[in-house]
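Since the structure comes first, as structure tokens, the remarks are kept for the end.
The values are calculated or read from the model by the stated rules, or taken from the named source; none is laboratory data. Keep in mind the model is a prediction, meaning the values are calculated, not measured. When we count neighbours, we look across all protein chains shown, and the Cβ atoms used for this are built from the backbone with ideal geometry, even at glycine. Heavy atoms of the whole protein, side chains included, go into the accessibility calculation; ligands, DNA and RNA do not. Shrake-Rupley method; radii C 1.70, N 1.55, O 1.52, S 1.80 Å.
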Amino acid sequence: MPTNRFYTAALVLLFAVLGYLCYQIFKPFFSPIAWAIVLSIVFYPVFSFILRYVKWRSIASILTLITIVVILLGPFSYFSYLISQEIGELIDSVQAGRFEPLNALLNNPSLRGIIDRVLGMVSVSEADLRKAILENVSQVGQKLVGGVTGGLGNVASAITNFILMLLSTFFFLQGGSEFIQGLNRFIPFTEKQRQRLFSQTRDIVVSTIYGGVVVAMAQAIIGGIAFSLLNVPSPGLSSFALFVASFIPLLGTFIIWGPLAAYLFLKGAFLNGIILVIVGVLFISSVDNFLRPLIIKGKLRMPTLAIFFSILGGIHFFGSIGFIMGPLVIALFISVAQMLGYMGEELEKQEEEAPPI
């Protein structure tokens, strides 16, 4: 017995040491590997579709990679450039005292009396209010542009990570089934429990990523087109704000397109404001009502509040990849927790069915 205990303790210690060393080895490549996992999950339906007509998994993986590059690389690069340009212009206008939304608000005749009464109640002058708002907007803009340019600043590192991400995605797609089968051997559950675990995980991932990220992207695209056509300032930045706001419970995208419509009314562009309200109600906000149920029909899903906080926490912990990795980790946690609950129920059932001693 002491020998067995020593053997078990030594094995656990060796496993912990080797696990730590493996973590240190893979730590520099966490970001491209994480993106590869996400892309493999998101584009696996594309890979499966191609595989119907191309019987070689390697060729299907290459064609899927080409699809990923065409869909993501061009639009993402342009969108990042557009946002950085708009943030730069916003900072310049703020520093020059030409922040148009603030001027439209303070100079509106209908609101002027209300603003003066509020400022009198809190003993704040209009100059102090204007200065405080402009300083805060400028600081936020500088942080945003710093994040965008910082992420694109190290070109060599970005290219290396992109190549590693593509290679990892290729192997995840090509050997995905073998990887899952190999992973099965290390999960200490019965075959039925493993199948249930993977099924629930797949459902939650689909409902979270497709039902969350895809819907948010659709709302951002619709909003971005409307903002550009209706002369809303910084349409790229506003559409990105729509993407983020899509995950906020209750209010959702209304907290972005609502104030923008109000800004158009204050500016005197009544027709554009009315059109934006119609687009916001009938298209931007309504996309969530019919697209999300269509995507997650019959599948498990996480509560909206859980998705919202998982995205914020994921971005804080993982960086830019966190807006997908956060919900993905929570989805896996929920699946494992449910599996443990099912195991407890099965044990109770076995104890009840066991004959009395």
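For the condition modelled with pLDDT under 90, more than 20 Å from SER80 (Cα to Cα) and not charged (D, E, K, R), what is the one hit in PHE265, PHE240? It is PHE265. Would you confirm whether any residue within region 327-335 is surrounded by 18 or more Cβ atoms within 10 Å (Cβ to Cβ), aromatic (Phe, Trp, Tyr) and modelled with pLDDT of 65 or more? No: zero hits. When you scan region 217-234, how many residues do you find that are open to solvent by less than 30 Å² (accessible area, probe 1.4 Å) and either modelled with pLDDT under 85 or farther than 17 Å from LEU282 by Cβ (or both)? So the count comes out to 1.
Being closer than 22 Å to ALA216 by Cβ and outside any helix (DSSP H, G or I) is not true of ILE255. Candidates SER84, SER77, SER40: the one that is modelled with pLDDT under 80, surrounded by 14 or more Cβ atoms within 10 Å (Cβ to Cβ), within 24 Å of the chain's Cα centre (by Cα) and in a helix (DSSP H, G or I) is SER84.
Scanning region 43-70 for residues that are at pLDDT below 80 and either open to solvent by less than 40 Å² (accessible area, probe 1.4 Å) or aliphatic (A, V, I, L, M) (or both) yields a count of 0. Among the residues of region 243-263, those identified as open to solvent by 30 Å² or more (accessible area, probe 1.4 Å) and aromatic (Phe, Trp, Tyr) are PHE243, PHE254.
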